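Taken together, the values in this text are just the output of simple stated rules run on the coordinates, not laboratory data. Since the structure is predicted, the reported quantities are computational estimates derived from the model, not experimental observations. Cβ atoms come from the backbone with ideal geometry, glycine included; neighbour counts cover every protein chain shown.
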Amino acid sequence: MNKIFLVCPNCRTRLSFNEVPGYQDKIVECPICHFKAAANVYQGGAAAQGGQGGNKGVTELPPGFQQKFDMGQIRVTTTNQYCPLKMGTNVIGRIAQSGKADIQITQDPYMSRQHLQIDVIKTAHGIEHRLVEINSKNIIVLNDKPIQRNDILVLKFGDKLTLGKTDIYLEETDEEATQVIL
């Protein structure tokens, strides 16, 4: 049985489930933000696999790229939400209608609408994750230590970031992260 991967258009959580006949017309509910729509409304393809693509007009990665390099994901501990990272810039912040973060993760009032940036960069040694402090109104804590303004730090899988009162972890991509029941 094939796996179907989708991305919620509301909160950008990656969803996966076992393929069932006619799944495109079935209603899918995001377990994080509870957005409900037919499966064909959700983003599929490379965006759902953790790569680039989807509605933003970004070109897809070359075939086989995802198997060689793990772009990673962030996991929000309070909601167990998993959000795949894409190559390039990933701005993370709280959920807000006026927010312009690429990944909106929670309604924590102590988190900025654009709290931090994680750049995913291909280097000669593989993929590097760089934490960029973007002068948000609130501090960023990395592994229980506050970072300084304008810092650019290299992250590794397992690092804990505290944004407001919300903890997130940088993790390797987990294709079984979120399951959806149709």
Once the in-chain neighbours fewer than 8 apart are removed, the lysines whose Cα is under 18 Å from residue 26 read 3, 36
Rh_Kirkwood(region 65-171) over Cα pairs, Å, one decimal, evaluates to 13.8
Lysine pairs in region 65-171 with Cα distance under 28 Å, only those 8 or more apart or on different chains: how many are there? 28
Report the calculated FRET efficiency for residue 125 and residue 150 (r = Cβ-Cβ distance, R0 = 22 Å), to the nearest 0.05. 0.30
